[in-house]
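First up is the structure itself, then whatever we jot down about it.
Throughout, read-outs are computed from the coordinates displayed, never taken from laboratory work. Quantities reported herein were computed from a predicted structural model and do not represent experimental measurements. Note: ideal-geometry Cβ built from the backbone for every residue, glycine included; neighbour counts use all protein chains shown.
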Amino acid sequence: MKSRVLSIVGIGVCILFLSGCATAVRLNGFAVTELDKKKSQYKLPKYVVDKKKPKVAVLPLGNETQMKLTGMATAAQDSLTNMIAENCGVEVSERSQLQVLLNEHEQKLMLGGNLNPKKLNKLAESYDAVFVGSIASVDMKANFTEARTWTDDKGKRYATAPSCKEQASIVINLRCIAFPAGTVQQTFSLKGIAVNTFEVRRSSECKNNHAVGLVSEAVQKAVKHGRDSFKNSFPRYGYVYKTMTNIEDPKKRIAFINMGVMDGLKAGHKIDFIEFAKESDSIKNTLREVQRSVGEGIVSETDLTSEHAIVLIPEVESGNVIVGSAVRSKNNSGLANMFY
């Protein structure tokens, strides 16, 4: 039994450290070939080249509900702003700073955040993306529970006093608009519920007595539940500045990228190789910039520094990755990464 336990532990250790042990590469087996001299035809956005944090703003939220609780929309805006600033690796404008810009450009926020992106162009000159949206619904209810007495199978008696359970639920709808294209990149529907239970003497006392506090708590929970979705919306970007090919097996290639530990990378992490292409809409006769994945790579433990890494290119995607390809971080959560 003991040896079996040790075997299981050993397997677990191998799984945990496989990403690091399996990603070492010997550079003396690689050289620069004709493929490695090729360069991507697609121009990289400035924020990728400069590796700067995207600058975003959360605009004041509209209120589509009949419930006019003082400060509800402002509290939701502040909670979203703080959550994005703390979790998404972006630069976020505080509400006070944003209000100055809104006043300067006299932006009229319509009910529900139904803003025309083209009208935001002047404001958005300072931002890579803005969030617009509204509080779509707020629901308050109170349920009365009568007093109860019961006896368990051992003859012990129990009793509960009459009680009231008040509940607040909220839905916040948001759109992330990327600039300068002015296109909707992603939509979010954040939902939160807060509950408060207290004793009463009769059903007539069961009312929504704590509406403001419960709605505020529901807002916080809605924002918290949406945290992972927001984190995945703002990956870190870099680029491939050099590639090399294995001398004995040309299908084995590696890429040198300008991202490293400071960008959250660890040995064994997966990243995406992408290209920024122009996509034509023949109906609207417009062009928009899109990100196309050209492959996935694994960060090597070899020469992994604060702002530099070597990435192993899978053989099936070997010919797709060239100098000038962009690199995008992935959500590397999982069993192994829980222990880093």
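Evaluate E = 1/(1 + (r/R0)^6) for Thr187 and Tyr42, where r is the Cβ-Cβ distance and R0 equals 30 Å; express this FRET efficiency to the nearest 0.05. The partial results should precede the final answer.
Working: r = 27 Å, r/R0 = 0.89.
Calculated value: 0.65.
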(request) For the pairs Lys43/Lys242; Lys68/Lys165; Lys39/Lys251; Lys141/Lys224, note any where the Cα-Cα span goes beyond 27 Å. (result) none
(message) Can you give me the distance in nm between label points at Arg201 and Thr305, each placed 7 Å from the Cα along the Cα-to-Cβ direction?
(response) 7.6 nm
(message) On the Cα set of region 233-311, report Rg and Dmax in Å, please.
(response) 15.6, 50
(message) Give me the percent relative contact order of region 241-340, please, defined on Cα pairs under 8 angstrom at least 6 residues apart.
(response) 33 percent
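Provide the net charge surrounding Arg236, with neighbours chosen by a C-beta distance below 12 Å and charges set as Lys +1, Arg +1, Asp -1, Glu -1. Walk me through the numbers on the way to the answer.
Numbers: positive: Lys51, Lys52, Lys53, Lys231, Arg328, Lys330; negative: Asp263, Asp272, Glu307.
Here the charged neighbours net out to +3.
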(message) Between Lys278 and Met262, what is the label-point separation in nm under the 7 Å Cα-to-beta-carbon projection?
(response) 3.3 nm
(request) Output the peptides 41-53, 310-322 sorted from most to least packed, where packing is the average of other Cβ atoms within 10 Å over each peptide's residues. (result) 310-322, 41-53
(request) Could you work out how far apart the two model spin labels at Ala159 and Val290 are, taking each label as a point 7 Å from the Cα in the direction of the beta carbon, and quote it in nm? (result) 7.0 nm
(request) Just check region 217-277 against the gyration tensor rule for me: Cα atoms, a ≥ b ≥ c as the square roots of the eigenvalues, rounded for a/c under 1.5, and otherwise prolate or oblate depending on whether a/b exceeds b/c. (result) prolate
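Could you compute the FRET efficiency for Gln99 and Asn208, with r as their C-beta to C-beta distance and R0 at 41 Å, rounded to 0.05? List each step's numbers first, then the result.
Values: r = 32 Å, r/R0 = 0.77.
After rounding, the FRET efficiency stands at 0.85.
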(request) Provide the three semi-axes, in whole Å and in decreasing order, of the ellipsoid equivalent to region 131-232 as defined by the square roots of 5 times the Cα gyration tensor eigenvalues. (result) 42, 16, 8
